[in-house]
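The values are calculated or read from the model by the stated rules, or taken from the named source; none is laboratory data. Keep in mind the model is a prediction, meaning the values are calculated, not measured. Methodologically, a virtual Cβ is constructed for each residue, glycine included, from the backbone with ideal geometry; neighbour enumeration extends over all protein chains shown.
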Amino acid sequence: MPFYDIVQQHINSKQLNLLDQSIDAMEKTLENQKRNLSPEERQRYGRVNEVNKLFVNKVYDYFRSQPAMSSPDVDWTEFAADYEDRMLLETRITRLRSLLEIMENSKILHDYDNFQNALMDYSFTQYKKDSEAGGYVTKYNELRQFFPRTATGANTKASAE
C-alpha cells in the first residue's frame with residue numbers, strides 16, 4: 001500500500017458531469033456580460049480601489065436617504081442598476097474564489113500524490129534495472145532525463161580553471 005496517498009477522495013463521473021454542467025450554465029448566463037478589456041483598459045477602468053468604492057457607497061447612501069441633494073445630471077436608475085450588479089457580482093466572485101481555492105488545494109494534493117508515487121516507481125525501476133531484470137533499462141533511461149545530475153565538486157573545480 002503506497003505511503004503517499006494524502007487525498008483519497010476522487011471526483012466521480014457524476015460529480016464531474018455536474019461540475020461541467022454548472023460551469024456551462026455560468027458561462028451561458030454571463031455570455032452577455034463578456035467584455036474583452038485590453039491591459040490599458042483594465043488599468044484605466046480598474047482604478048476604483050477600496051477607498052473609492054466607499055465613496056461610491058456613501059454617494060449612493062445619500063441618494064437613497066436624501067434624493068433631493070443628488071445631482072440631476074446623474075442617471076440614478078442606471079447608477080442603482082450598476083451598483084446592484086456590482087454588489088451581486090462581488091458576492092459571486094467571493095464564492096467562486098472560495099471554490100477555486102478548494103479546487104486548487106485538491107489539485108495540489110493530487111499532484112503531490114502523483115509525484116511521490118512516481119518517485120516510488122522510479123526507485124523501483126532503478127532497483128529492477130540494477131538487478132538486471134529485463135526491460136527496465138529503457139524505462140530507467142527515459143525517466144532519468146527528469147533528474148539531471150549537477151556537476152560534482154571536482155568537475156566544477158576543473159571547469160572553473
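Summary of computed values
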read-out	value
Candidate set: the stretch 72-109, residues that are farther than 30 Å from I11 by Cα and aliphatic (A, V, I, L, M); chosen: the one nearest to the chain's Cα centre (by Cα)	M87
Inter-residue pairs, beta-carbon under 8 Å, first over 17 Å from E90 (Cα atoms) and in the stretch 37-57, second not hydrophobic (A, V, I, L, M, F, W, C), 6+ apart	L37/Y45
Candidates D5, D20, D24, filtered to the one that is out of contact with any His (no Cβ under 7 Å at 6 or more places or on another chain), in contact (Cβ under 8 Å) with a residue 40 or more places away in the chain and among the acidic types (D, E)	D5
Count of residues meeting criterion [of a type in the set (D, E, K, R) and either in a loop (DSSP other than H, G, I, E, B) or surrounded by 11 or more Cβ atoms within 10 Å (Cβ to Cβ) (or both)] in the stretch 1-52	5
Residue list for the stretch 53-84, restricted to those being part of a helix (DSSP H, G or I) and among the aliphatic types (A, V, I, L, M)	L54, V56, V59, A68, M69, A80, A81
Residue within the stretch 114-133 that is surrounded by 10 or more Cβ atoms within 10 Å (Cβ to Cβ), in a helix (DSSP H, G or I) and at pLDDT below 90 present	no
